Amino acid sequence: MEQIRIRAAQQADLDACCEMLAESRLGEVYYPSRKMIADALEKAVSQDSFLVAVNSADEPVGFIWYQARGMFHSFPYLHMIVVRSDQQHTGIGRKLMQTYEQDSLRLLGALRTKAYLLVADFNDRAFEIYRKNGYELINQFDGLFRRNVNERLMVKTITRQANTQ
Ligand SMILES: CC(C)(COP(=O)(O)OP(=O)(O)OC[C@H]1O[C@@H](n2cnc3c(N)ncnc32)[C@H](O)[C@@H]1OP(=O)(O)O)[C@@H](O)C(=O)NCCC(=O)NCCS
């Protein structure tokens with residue numbers, strides 16, 4: 001696999017992130033316009049944890065957006081993970097998920113906690129990836145953000161690991 005590095009997103013990365021989100025089903029369902037995507041990502045970068053996976057040319061090929069205290073003001077919540085469509089299935093998503101978990105523990109100053117995420121019922125691939133990675137389904141919210149889309153809440157107990165990434 002090409003050398004992939006994960007670093008904090010900068011303003012200059014946002015166009016590439018907008019592009020990969022717009023290309024995905026996720027973008028299609030939740031953000032009907034480019035302006036909505038740009039506004040959401042702009043806000044995310046300034047308020048939350050927003051990291052990009054970059055290739056050897058320092059170009060974004062994926063991103064992850066989370067809040068270390070996003071769930072009940074106490075537990076990590078993964079807001080969004082996206083890998084550029086031509087770079088999927090190469091392990092970048094796995095690397096970004098590890099970063100979500102380990103960086104949240106670092107930000108919380110904890111050795112162990114529960115990490116949460118929501119996944120839409122149309123997204124079977126992501127659901128399977130999370131399940132394989134140890135996330136358990138705990139509830140389903142019907143029509144939570146969009147009338148015809150049900151959201152599945154998943155949780156995993158995560159522990160601090162030495163030398164991740
Ligand atoms: C979901 C997404 C981020 C995954 O990224 P990715 O880079 O393709 O994932 P990876 O290549 O790292 O694969 C992750 C793991 O899932 C496994 N996996 C992949 N497809 C799978 C499937 N259909 N069933 C079970 N496991 C699967 C892989 O084997 C890999 O397992 P491993 O780490 O044990 O080897 C990517 O598909 C994406 O950006 N989708 C569009 C946006 C989206 O839907 N985001 C999620 C909702 S917020």
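The values are calculated or read from the model by the stated rules, or taken from the named source; none is laboratory data. Just so it is clear, the model here is predicted, and its values are computed rather than measured. Methodologically, a virtual Cβ is constructed for each residue, glycine included, from the backbone with ideal geometry; neighbour enumeration extends over all protein chains shown.
Looking across the range 119-156, the residues that are in contact (Cβ under 8 Å) with a residue 12 or more places away in the chain, of a type in the set (D, E) and exposed (fewer than 15 other Cβ atoms within 10 Å of the Cβ) come down to D121, E136.
The set of residues in the range 119-144 that are among the β-branched types (V, I, T) and within 17 Å of the chain's Cα centre (by Cα) comprises V119, I129. In the range 29-57, the residues that are over 15 Å from D15 (Cα atoms) reach residues that are polar (S, T, N, Q) and in a strand (DSSP E or B) with C-beta atoms within less than 7 angstrom, at least six apart or across chains, in these pairs: D48/Q67; S49/Q67. Restricting attention to the range 124-165 and to residues that are modelled with pLDDT of 95 or more and of a type in the set (S, T, Y), the residue that is nearest to M71 (Cα to Cα) turns out to be T157.
Is it the case that Y116 is more than 22 Å from C17 (Cα to Cα), within 14 Å of the chain's Cα centre (by Cα), surrounded by 14 or more Cβ atoms within 10 Å (Cβ to Cβ) and of a type outside the set (A, V, I, L, M)? Yes: the conditions hold for Y116. Among all positions in the range 1-13, there is at least one residue which is within 11 Å of the ligand (Cβ to nearest atom) and out of contact with any Lys or Arg (no Cβ under 7 Å at 6 or more places or on another chain). Report yes if H89 is within 16 Å of the ligand (Cβ to nearest atom) and free of Cβ contacts under 8 Å to residues at least 24 places away in the same chain, otherwise no. When the stated conditions are applied, H89 passes them.
Condition check for Y116 on (1) farther than 26 Å from N55 by Cα; (2) away from the ligand (no atom under 13 Å from the Cβ): one failure, at (2). Of the residues making up the range 93-101, not a single one is more than 16 Å from the chain's Cα centre (by Cα) and either within 18 Å of L14 (Cα to Cα) or surrounded by fewer than 17 Cβ atoms within 10 Å (Cβ to Cβ) (or both).
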